[in-house]
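Visitor: Shown below is the structure under consideration.
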Amino acid sequence: MFKKILIANRGEIALRIVRTCKEMGIKTVAVYSTADRESLHVRFADEAVCIGPPSSAQSYLSIPRIMAAVEITNADAVHPGYGFLAENADFAEVCTEYGIKFIGPSPAQIRKMGDKITAKETMIKAGVPVVPGSGGLLKDVKSGLKIAEEIKYPIILKATAGGGGKGMRVVWKPEDFQEAWDKARQEAKASFANDGIYIEKFIEEPRHIEIQIAGDQFGKVCHLSERDCSIQRRHQKLVEESPSPFMTDDLRKRMGDAAIKAGEAINYEGVGTVEFLVDKHREFYFMEMNTRIQVEHTVTEEVIDHDLIKEQIKIAAGIPVSGENYIPTMHAIECRINAEDPFKDFRPSPGSIKSFHSPKGHGVRVDTHVYAGYTVPPYYDSMIAKLICRAQTREECIKKMQRALDEFIVEGLKTTVPFHQKLMKDEKFKAGDFHTGFLADFDMGDPPKDF
Ligand code: MV4
């Protein structure tokens, strides 16, 4: 087992990793930018190294600075968390060259899933259902128009280097193809320095349901059931839950089998997530694979009662997975609490937290790095806490979430708490009747007088 893990991240996930390492008897090293001196991940780690100024490029994204911290602290493994360098194959490669274990998949596995066309080709070979489409880079508008006629409109253009919605354009009729093509290419070039575009049939009103998998160094892959992440706004997830209200035993069996096939096809090592679009007929299609721990891993932890960070560390140390698939026996929902004003188009609201009271009680979990007196810096992601509730049924879980949200007090800045309070009372949400477009026409109304 590792003796000392350097955590190449910040915020709640860095603290989350520190906690599990402590329980496993592993020493921890935090790294931090000058904007994060007062963060709890720095306080609770055994050692902490300042790696640079606030800008991510000069701190959490700087491979040389992080490797310098590894060297001076003598860490024998690196945990990348999510975001920053978590899916950077070059970083994983540098770690390996230094003789440091990167807690996650190999550089080759990260690269394969990072390029969306390669990922799709790999899935087709493995027998995983994918959305019908061009099956490769589009050469020009002419061949694109031809494929669009074949698979029928609406279609969607996607960037092969993309993910998370950037460089995507939906086209409803041939007249609009040229403009969408130009825009998708421009955006892809600007965002990823790669203007490779492919085409797919556009699935209308899909659900986003993802399967958590875990694969060990011996080629064994198992699944840990699904999370429903359909409640998103501009490709930012706001609420996740497990099980999905749309799930059936048959669908879980089919999606679980497909996710395992996906993992086994690349000999996947680590915990990972296979994302699917699911249409109203319960047909599902591979969308992309995330080769990291995700923000929403906590809902899976709650419903299968299993520590996923511990699982990651054990897999990286060469311990085999149990070989069993896990089915939820309870219901869990996570609300992302962001320092944003939901009444002003979710505009960021950084600043000093004057008072902070987090909800407590049976079935309530709060993962956060903040506290009263802490200042939320403007440089990074706006998420300040994750509120996770667990209960026997979805209905009870929603009621518990309503109660917990009412107990959440954050003064000094705006948060997404009022959004979640409204969502938990929405009839369609309560009925489980939603898809990825749900929030596009969700009306927040006016703020209460004291907001
Ligand atoms: C799609 C789609 C419909 N049809 N692909 C959005 C992010 C990127 N990962 C893929 N995305 C989509 N791909 C086809 N063929 C609809 C989306 C999509 C979406 C997917 C998941 C969650 C939220 C979404 C919001 C808008 C569009």
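The values are calculated or read from the model by the stated rules, or taken from the named source; none is laboratory data. The structure presented is a predicted model; accordingly, all values stated were derived computationally and were not measured. Using ideal geometry, Cβ is built from the backbone for each residue, glycine included, and neighbour counts are taken over all protein chains shown. For accessibility, only protein heavy atoms count, side chains too; no ligands or nucleic acids. Shrake-Rupley method; radii C 1.70, N 1.55, O 1.52, S 1.80 Å.
Visitor: What pairs come out if I take residues in region 157-168 that are modelled with pLDDT of 80 or more and pair them with residues that are near the ligand (Cβ under 6 Å from one of its atoms) and open to solvent by less than 20 Å² (accessible area, probe 1.4 Å) whose C-beta lies under 8 Å away, six or more apart or interchain?
Guide: So the pair list comes out as K158/E200; M168/I156.
Visitor: Any residue in region 234-245 that is over 23 Å from F102 (Cα atoms), acidic (D, E) and assigned to a strand (DSSP E or B)?
Guide: yes
Visitor: Still on this structure: Just checking: which of the strands (runs of 3 or more DSSP E) contained wholly in region 1-86 hold 3 or more residues that are buried (at least 19 other Cβ atoms within 10 Å of the Cβ) and in contact with an Asp or Glu (Cβ under 9 Å, 6 or more places away or on another chain)?
Guide: By residue number, 27-33.
Visitor: While we're on this one: Quick check: is even one residue across region 210-224 assigned to a strand (DSSP E or B) and either among the charged types (D, E, K, R) or within 16 Å of the ligand (Cβ to nearest atom) (or both)?
Guide: Pass one, region 210-224, residues assigned to a strand (DSSP E or B): 210-215, 221-224.
When the remaining residues are screened for being either among the charged types (D, E, K, R) or within 16 Å of the ligand (Cβ to nearest atom) (or both), the result is 210-211.
Scanning region 210-224 turns up at least one residue that is assigned to a strand (DSSP E or B) and either among the charged types (D, E, K, R) or within 16 Å of the ligand (Cβ to nearest atom) (or both).
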